[in-house]
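Below: one structure, written as structure tokens.
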Amino acid sequence: MGRDDPEGSIETVEIYGEYVKPFDLIIAFVTTLVAGVLFYIVAPVLLGALGTPAATRAPLTITIGLIGASIGFLLTLLFIKPKRVIEGAEG
Amino acid sequence: MIGVETLFLVAVLAFISAIVYILVGVLPGTDETATMAPIALALLIAGLDPLIVLAWFLASIIAFKAADAIPVALAGIPGGVMAVPQVPDAVEAKRAGKADVILRKGVTSSMVASFIALVLVLVLAFYIKPLGDFLNIRDDIAGVAVPRWFWLLLGGLLILALTSKNKLLALLTIPTFAILVQGLRLAYEKNVIISFFLGITIGPLVVELLEVLSGYARDRIRRGYMSVKLEPVSVIPLNPLKHLSREELAHVLFWSPITSVLAMVMSPVGLTILIGDLIKGLKRTPLEASILAYTVRDGVKNATYIGGLLIPLLVIGSPTGPMSAGPGLPFFTEIGGVVPAKYITSNYSHLEISVALLLSAVIASLVVYPILIRYSRRLTLLVFKSVPAESLYGLFLSIVVLLAYYDAGLRGVLGVLVVSMVSGILWRNGVSLGVLFMTLVAAPTIFAFIKLI
């Protein structure tokens, strides 16, 4: 219970010592995965258009896919809030 | 021959790695293997020179293993699995208002131990290199070609199983998990390793998630947000010579080389617990004992990770312990027809490898030490306030799914799921994940022996 959730109404689950809202976790996973897969699918087309040799296209595809997942992660920071209340933040 | 370009890339990547892994280290619930191995793997798959990736990895060890103790010191929350043994000592110190004392001692101990371990390992590896040739000879035992390093691996595996919480289950896991892995490989008609490795890595997380999503974790349901109490920290001087007492420095100088060598076959977490508990008895009061144990453990963490990876990599070229078969496994896995560990030792001289790694360690320390000493509280606050656990777990899982798909298509993704469920359940029942990582490496030989019976 804390400032952001004064009534303690939000139901969370403790995973690895962190409070997690299962719905937010599913949204985060789907967002990062979709972003990663999109980049992974587009990568070969993009690399082909740029004239990248076929031998380096495969490893670069996964790298671009992972960059996509990282962008998805940054996006989730905008709409998912941490479930922590910090005491002594001003100290 | 190592060029200026390579050294420049080493310096740049060590800098980036140190920044990234300070943030990852401060975040609670970040498992070392899950956060370090997939990124190293991605860099290797992308075709980056394995020596540069090794330098990146070393910088990430130095940053992560120093930063994961910051939330322990300030809030009693471990930033990684390796920081868990430090929690009781940190709680004792915090109760006495010594949060900033353990913070500065811990960070300094981490830096000192990193350099001691790195220099020792580089010198030792140079002199015991002939031992590597001996260990790589394959003996014919009842028709099975067994590399001699396998016995080192098996010895370490048995030690780890016998020191697991559930010894019987851990021992039974060795042959049965080997059969599972080899059976899946037969079904795949492919020598898959990356997907299985990633499956073990995320096993605990997957099992926790499946339990939560299927309503089997009623005891872990909470109301509201998690309350985190951050301890105040006074301004800490940057001079590292002022932070450790002579006794603490002597312990760090004594234990970090020993544990870095032992980690070749033994568990880094096990060694961190063992050494801390051992030296606690030397102090009279619980507070003194906790501060000493916390400080030395912070150094042992770095030393075991560095020795546990570099000795097998530079001397043998095959993983022999929980560190090299765990977070360090990407360096021993064939990627694009090349085994990174073998590429490094056959394309670069020992001096060149040493220069690259020392450069990485210097850059990482210059980034990590001042940031953690001066800004650890602000950093912890920033990370705790802006990075939700959901986003981080979502990212881990997505990276694993993408890498598994890249490794073996849909079969790879299903392989991750199978192995992660088995690994997570075994872990929940007291089997160290190190047992599973090492069994994965030893599986072909163990299976060959089982077939003989």
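Brief remarks on what is shown
- Scan of the stretch A:38-59 for residues that are facing chain B (nearest Cβ under 9 Å) and open to solvent by less than 60 Å² (accessible area, probe 1.4 Å), ordered by number: A:Tyr40, A:Ala58, A:Pro59
- Scanning the stretch B:25-32 turns up at least one residue that is in a helix (DSSP H, G or I), open to solvent by less than 10 Å² (accessible area, probe 1.4 Å), within 21 Å of B:Leu329 (Cα to Cα) and not basic (Lys, Arg).
- Filter pass, A:Phe29 being more than 8 Å from chain B (Cβ to nearest Cβ) and either under 16 Å from the mean Cα position of the chain (by Cα) or loosely packed, with under 14 Cβ neighbours inside 10 Å (or both): no
- Test for B:Val367: is it away from chain A (no Cβ under 13 Å), touching a residue at least 12 places away in the same chain (Cβ under 8 Å), buried (at least 23 other Cβ atoms within 10 Å of the Cβ) and out of contact with any strand residue (DSSP E or B) (no Cβ under 6 Å at 6 or more places or on another chain): no
- Unique residue being out of contact with any helix residue (DSSP H, G or I) (no Cβ under 7 Å at 6 or more places or on another chain) and either among the aliphatic types (A, V, I, L, M) or farther than 30 Å from A:Glu14 by Cβ (or both) when the list is B:Ala389, B:Ala364: B:Ala389
- Complete set of residues in the stretch B:160-212 that are surrounded by 21 or more Cβ atoms within 10 Å (Cβ to Cβ), polar (S, T, N, Q) and in a loop (DSSP other than H, G, I, E, B): B:Ser164
- Looking only at residues in the stretch B:213-235 that are surrounded by 15 or more Cβ atoms within 10 Å (Cβ to Cβ) and of a type in the set (Gly, Ala, Ser), the one that is farthest from the other protein chains (Cβ to nearest Cβ) is B:Ala217.
Quick grid of which residues meet (1) under 19 Å from B:Thr30 (Cα atoms); (2) surrounded by fewer than 24 Cβ atoms within 10 Å (Cβ to Cβ):
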{"position": "B:Val401", "(1), (2)": "yes, yes"}
{"position": "B:Ala404", "(1), (2)": "no, no"}
{"position": "B:Leu414", "(1), (2)": "no, yes"}
{"position": "B:Ser420", "(1), (2)": "yes, no"}
{"position": "B:Ser423", "(1), (2)": "yes, no"}
{"position": "B:Gly434", "(1), (2)": "yes, no"}
{"position": "B:Leu452", "(1), (2)": "no, yes"}
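- Test for B:Gly79: is it open to solvent by less than 10 Å² (accessible area, probe 1.4 Å) and outside any helix (DSSP H, G or I): yes
- The stretch B:236-268, residues that are surrounded by fewer than 21 Cβ atoms within 10 Å (Cβ to Cβ) and either within 22 Å of the chain's Cα centre (by Cα) or among the polar types (S, T, N, Q) (or both): B:Asn239, B:Ser245, B:Leu253, B:Phe254, B:Pro257, B:Ile258, B:Val261
- The single condition from (1) more than 27 Å from B:Pro240 (Cβ to Cβ); (2) open to solvent by 40 Å² or more (accessible area, probe 1.4 Å) that B:Leu359 fails is (1).
- Selected residue (criterion: most open to solvent (accessible area, probe 1.4 Å)) from residues of the stretch A:60-74 that are within 9 Å of another protein chain (Cβ to nearest Cβ) and closer than 18 Å to B:Ser386 by Cα: A:Leu74
- All positions within the stretch B:379-402 that are facing chain A (nearest Cβ under 7 Å) and within 30 Å of B:Gly336 (Cα to Cα): B:Tyr393, B:Gly394, B:Leu395, B:Leu397, B:Ser398, B:Ile399, B:Val401, B:Leu402
- Boolean, B:Leu397 is closer than 27 Å to B:Ile236 by Cβ, open to solvent by 10 Å² or more (accessible area, probe 1.4 Å) and in a helix (DSSP H, G or I): no
- Every residue from the stretch B:370-386 that is open to solvent by 20 Å² or more (accessible area, probe 1.4 Å) and touching a residue at least 12 places away in the same chain (Cβ under 8 Å): B:Pro370, B:Ile371, B:Arg374, B:Arg377, B:Leu379, B:Leu381
- Residue pairs meeting the criteria (Cβ under 6 Å; at least 6 apart or on separate chains; first more than 18 Å from B:Phe437 (Cβ to Cβ), in the stretch B:144-160; second outside any helix (DSSP H, G or I) and open to solvent by less than 30 Å² (accessible area, probe 1.4 Å)): none
The values are calculated or read from the model by the stated rules, or taken from the named source; none is laboratory data. Given the structure is predicted, the values throughout are model-derived calculations rather than measurements. Because the Cβ atoms are built from the backbone with ideal geometry, glycine has one as well, and the counts that use them run over all protein chains shown. In case anyone asks, the SASA skips ligands and DNA or RNA and just uses the protein heavy atoms, side chains included. Shrake-Rupley method; radii C 1.70, N 1.55, O 1.52, S 1.80 Å.
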